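The values are calculated or read from the model by the stated rules, or taken from the named source; none is laboratory data. In this text the structure is predicted, and so the values were computed from the model without any measurement. Cβ placement follows ideal geometry from the backbone for every residue including glycine, while neighbour counts extend to all protein chains displayed.
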Amino acid sequence: MSSSDIPSNHPRALSLALRKRIEDHVETGLVAKAGPIAHGRGEAFDYLIGEQTLPCVLNDIETAAALLLKAKHPVISVNGNAAVLVPTELVALAAAIPAKLEVNVFYGRTFEREKMLAAHLMQHGAKEVLGIHTEAKVPNLHSARQHVDINGIAQADVVLVPLEDGDRTKALIDWGKKVISIDLNPFSRTARDSTINICDNIVRCVPELTKAIQLLKADSAKAEKLIAGYDKTQSTKNIIQAIQVRLNFFQ
Ligand code: PTJ
């Protein structure tokens with residue numbers, strides 16, 4: 001399929017365009033071969049929440065913004081899917097906080113792939129991208145994700161981790177970091193282990209997160225209040241309840 005095959009008035013035009021982007025970047029090597037499968041998992045969960053940012057998730061987004069603003073060394077971890085879905089938006093988010101951008105991939109971690117992902121972010125406005133020539137390791141992690149930048153994730157107090165399911169989040173938490181995940185699957189290990197999970201599509205929530213950062217910058221007391229009042233268990237319950245309400249509607 002070429003992008004000209006997608007009629008602009010097709011009810012699923014955006015979804016088809018995003019799929020196409022993922023598909024095209026498997027060819028360029030930015031996206032891992034497993035990237036389209038991960039994307040499809042995300043789409044399935046996005047259906048369950050109605051392909052919208054759930055009202056209850058706005059509090060997770062605001063609290064994540066507060067945590068990122070209060071961090072001393074915030075880092076945004078970027079994998080293949082995230083880099084091609086929201087490159088400009090991730091660069092804008094990093095600039096707004098400000099936070100460092102670090103390439104961190106699971107599949108086929110080669111110098112070439114790291115460099116390509118960094119170049120892709122630079123083409124979209126990033127001034128610096130870490131994660132090339134990594135020298136530090138996440139303790140007790142055995143996948144390629146263990147390799148982290150000594151000036152980035154190794155030093156970070158808060159790490160934003162979009163689109164992954166695995167054991168890194170727990171390993172980062174055990175290493176003393178706070179982790180904000182972006183994962184449409186509220187049942188994934190990453191979503192369950194993270195400090196805050198944003199259960200929303202990355203294409204919707206990254207711009208929202210940047211907006212929340214800008215608003216909170218002027219209200220430090222609100223940022224502290226959000227962090228103090230955050231209840232992860234309640235946040236997960238709210239999402240599951242919202243999914244249940246939608247499922248009941250179709251019965
Ligand atoms: O580039 P690499 O090598 O680091 O690999 C990246 C992928 C995404 C292929 C890798 O991390 C992977 O296999 O991820 P998983 O285990 O499939 O987990 C991805 C999670 O992200 C799943 O829980 C999906 O539901 C979720 N997800 C997928 N697309 C989106 C999403 N969440 C938010 N927005 C999306 N667009």
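Brief remarks follow.
- Taking every residue in segment 53-75 that is over 16 Å from L101 (Cα atoms) and pairing it with any residue that is surrounded by 24 or more Cβ atoms within 10 Å (Cβ to Cβ) and of a type in the set (D, E, K, R), at least 6 positions away or on another chain, the pairs with Cβ-Cβ distances below 7 Å are T53/D200; V57/D200.
- Checking every residue in segment 197-216 against the condition of being modelled with pLDDT of 95 or more, among the acidic types (D, E) and closer than 21 Å to I61 by Cβ gives at least one match.
- Scanning segment 88-100 for residues that are out of contact with any Gly (no Cβ under 8 Å at 6 or more places or on another chain) and not small (G, A, S) yields E89, L90, L93, I97, P98.
Yes or no, residue by residue, for (1) touching a residue at least 40 places away in the same chain (Cβ under 8 Å); (2) within 16 Å of the ligand (Cβ to nearest atom):
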position	(1), (2)
I196	yes, yes
N201	yes, yes
R204	yes, yes
A221	no, no
Y230	yes, no
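- Of everything listed in (1) surrounded by fewer than 18 Cβ atoms within 10 Å (Cβ to Cβ); (2) within 13 Å of the ligand (Cβ to nearest atom); (3) over 30 Å from Q241 (Cβ atoms); (4) among the charged types (D, E, K, R), the single unmet condition for R145 is (1).
- Residues within segment 108-147 that are within 24 Å of W175 (Cβ to Cβ) and within 17 Å of the chain's Cα centre (by Cα), tallied: 6
- Within segment 49-84, the set of residues being of a type in the set (A, V, I, L, M, F, W, C) and farther than 26 Å from L226 by Cβ comprises A83, V84.
- Single condition T28 does not satisfy, out of (1) near the ligand (Cβ under 9 Å from one of its atoms); (2) touching a residue at least 24 places away in the same chain (Cβ under 8 Å): (1)
- Selection within segment 175-190 - among the charged types (D, E, K, R), crowded, with 19+ Cβ neighbours inside 10 Å and within 14 Å of the ligand (Cβ to nearest atom): D183
- Candidate set: segment 133-171, residues that are hydroxyl-bearing (S, T, Y) and in contact with a strand residue (DSSP E or B) (Cβ under 7 Å, 6 or more places away or on another chain); chosen: the one farthest from L69 (Cα to Cα): T134
- Among the numbered conditions (1) polar (S, T, N, Q); (2) modelled with pLDDT under 95; (3) in a helix (DSSP H, G or I), the only one that Q251 does not meet is (3).
- Whenever a residue of segment 94-122 is more than 21 Å from V138 (Cβ to Cβ) and within 13 Å of the ligand (Cβ to nearest atom), its partners that are of a type in the set (A, V, I, L, M, F, W, C) and in a helix (DSSP H, G or I), lying with C-beta atoms within less than 6 angstrom and at least six residues away or across chains, give the pairs H120/A83.
- The condition of being in contact (Cβ under 8 Å) with a residue 60 or more places away in the chain, farther than 21 Å from R113 by Cβ, buried (at least 21 other Cβ atoms within 10 Å of the Cβ) and within 14 Å of the ligand (Cβ to nearest atom) does not hold for I153.
- Exactly one residue out of L160, L172 is assigned to a helix (DSSP H, G or I), at pLDDT 95 or above, within 16 Å of the ligand (Cβ to nearest atom) and buried (at least 21 other Cβ atoms within 10 Å of the Cβ), and it is L172.
- When segment 121-150 is filtered for residues that are among the basic types (K, R) and part of a loop (DSSP other than H, G, I, E, B), only K127 remains.
- Just one residue in the set K211, K222 is in contact with a Leu (Cβ under 8 Å, 6 or more places away or on another chain), surrounded by fewer than 17 Cβ atoms within 10 Å (Cβ to Cβ) and assigned to a helix (DSSP H, G or I); that residue is K222.
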